[in-house]
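The values are calculated or read from the model by the stated rules, or taken from the named source; none is laboratory data. Note that the coordinates shown come from a computational prediction; the quantities given were computed from them, not determined experimentally. As a convention, Cβ positions derive from the backbone with ideal geometry for all residues, glycine included, and neighbour counts pool all protein chains shown.
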Amino acid sequence: MNDLSTATSQAFTLLLSGDAQLWEIIFLSFSVSFRAILFSAPLAILIAFGLSYFQFTGRRFFIALFNTAMSIPAVVVGLTLYLLLSRSGPLGDLKLLFTQEAMIVGQMVLCFPLLVALSHATLQSVDRRAWETAITLGAHPFRAVFTVLKEARFGLTAAVLAGFGRIIAEVGSSMMVGGNILHYTRNIPTAIALETSKGSFAQGIALGIVLLAMALLLNLLLMYFQGKGELAL
């Protein structure tokens, strides 16, 4: 108990003192995950729109595929990308292994199916008359799409937040394709895994506190936007 109290006290000291190495890890983690969600969300939402408002062969298969892909473990994604990006892999010439770019790709693969599935569920709940009315009035297809997305904005925002929550705490993919390199690819989850394996709990607890605070904030934001979406409908 004394060891836990001491480690926890040291953890808060690290956070409040502005420890350079600790905050570098935090900023790197958020930078990678923000870029991953930023690159993934637009295409995922457009695909979800197509699955919601257009009928085509294989539509149900793709919906089932994205729903299934949500459960792919992060370590499987990491292993697959590692094999693709390694020197002997088909994409080895890109020299992306053990870089932040590889971590971003891994996180994009992880969050993309979730973004599509949640966005599709949100768009399915929007009154189709918004789309039909816009088309009937002669609106340009892009403007009609924007009208529907505006109606679903709170639910779509909740989907993006859920996607961010999925990747900010993942460790398997980031560890395998990032390499956990200090000052370059070490993010919050990989740093926690490393520090606890060494028996250095203070930094691990400090980073865990950051993740818990982020999880609480994301859940509060999700509740807010889900509530807004219900009011809008």
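Among the conditions (1) under 20 Å from residue 159 (Cβ atoms); (2) under 15 Å from the mean Cα position of the chain (by Cα); (3) part of a helix (DSSP H, G or I); (4) not acidic (Asp, Glu), the only one that residue 29 does not satisfy is (1). Of the residues 43, 91, the single one that is among the hydrophobic types (A, V, I, L, M, F, W, C) and within 23 Å of residue 179 (Cα to Cα) is 91.
Of all residues in region 210-227, those that are in contact (Cβ under 8 Å) with a residue 24 or more places away in the chain have Cβ atoms under 9 Å from Cβ atoms of residues that are surrounded by 14 or more Cβ atoms within 10 Å (Cβ to Cβ) and not in a helix (DSSP H, G or I), 6 or more apart or on another chain, in 211/169; 214/169; 215/169. Taking each residue of region 17-44 that is surrounded by 13 or more Cβ atoms within 10 Å (Cβ to Cβ) and looking for partners that are among the aromatic types (Phe, Trp, Tyr) with beta-carbon atoms closer than 6 Å, six or more apart or interchain, yields 37/164; 40/112; 44/112. In region 190-198, is there at least one residue being among the charged types (D, E, K, R), touching a residue at least 12 places away in the same chain (Cβ under 8 Å) and not in a helix (DSSP H, G or I)? No, because not a single residue in region 190-198 is among the charged types (D, E, K, R), touching a residue at least 12 places away in the same chain (Cβ under 8 Å) and not in a helix (DSSP H, G or I).
Taking the stated definitions as given, is residue 212 of a type outside the set (Ser, Thr, Tyr), surrounded by fewer than 19 Cβ atoms within 10 Å (Cβ to Cβ), within 21 Å of the chain's Cα centre (by Cα) and over 30 Å from residue 95 (Cβ atoms)? So residue 212 fits the description; yes. Within region 131-154, residues that are among the polar types (S, T, N, Q) and at pLDDT below 85 reach partners that are surrounded by fewer than 19 Cβ atoms within 10 Å (Cβ to Cβ) and assigned to a helix (DSSP H, G or I) with beta carbons closer than 8 Å, at six or more positions or on different chains, in the pairs 147/130; 147/134. Going through (1) within 20 Å of residue 162 (Cβ to Cβ); (2) buried (at least 21 other Cβ atoms within 10 Å of the Cβ); (3) touching a Ser or Thr at 6+ places or on another chain (Cβ under 7 Å); (4) not hydrophobic (A, V, I, L, M, F, W, C) one by one, residue 119 falls short only on (3).
Scanning region 163-186 for residues that are more than 15 Å from residue 212 (Cα to Cα) and surrounded by 24 or more Cβ atoms within 10 Å (Cβ to Cβ) yields 163, 173, 174, 176, 177, 178.
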